[in-house]
Amino acid sequence: MPKGFGGGFGGGMPGGMNMNQLMKQAQKMQKQMADAQEALAEKKLDVSAGGGAVKITINGEKQILDLVISPDVVDPDDVEMLQDLVMSAVNEAIRQMDESINSQMSKITGGMNLPGMF
């Protein structure tokens, strides 16, 4: 058996970390992630499109909390422009919230990719 790999759970692991240390580290990371997810759920982000013509407030759970449309952009002859502005604002809000969530989680995981965790 290669050096550094003992048999069973009591054996050493590469880098001198034993199974108990690894479990403690995993539990600490899990608690930090749970705390961060709770804080992110309360986070709110304001985004606008069209120079402020459409304003959106989104939370960390990616729910739209508020949508404000300036009366100046409501043109019955150009509904497509309004639809584009709303779509642009919603997509930008989601993109910015994703970026914020990924940045916060990356601080905890040290940049490790943990699919399905957040």
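The values are calculated or read from the model by the stated rules, or taken from the named source; none is laboratory data. Please read all numbers here as calculations on a predicted model, not as lab measurements. Cβ coordinates were reconstructed from backbone atoms using ideal geometry, including for glycine residues, and neighbour counts include every protein chain displayed. Only protein heavy atoms, including side chains, enter the accessible area calculation; ligands, DNA and RNA are left aside. Shrake-Rupley method; radii C 1.70, N 1.55, O 1.52, S 1.80 Å.
The stretch between residue 38 and residue 66 holds 8.0 nm of extra length on full extension. This uses 0.36 nm per residue minus the Cα-Cα distance.
Spin-label pair residue 106-residue 30: with each label point 7 Å from Cα along the Cα-Cβ axis, the two points sit 2.6 nm from one another. The fraction of accessible area contributed by carbon and sulfur in region 48-97 is 51 percent, rounded to a whole number (1.4 Å probe; ligands and nucleic acids excluded). Here region 28-75 is described by how far its Cα atoms reach on the three principal axes: 54, 15, 10 Å, from widest to narrowest. Counting only residues at least eight positions apart within a chain, or on another chain, the lysines with an alpha carbon under 28 Å from that of residue 55 are 43, 44.
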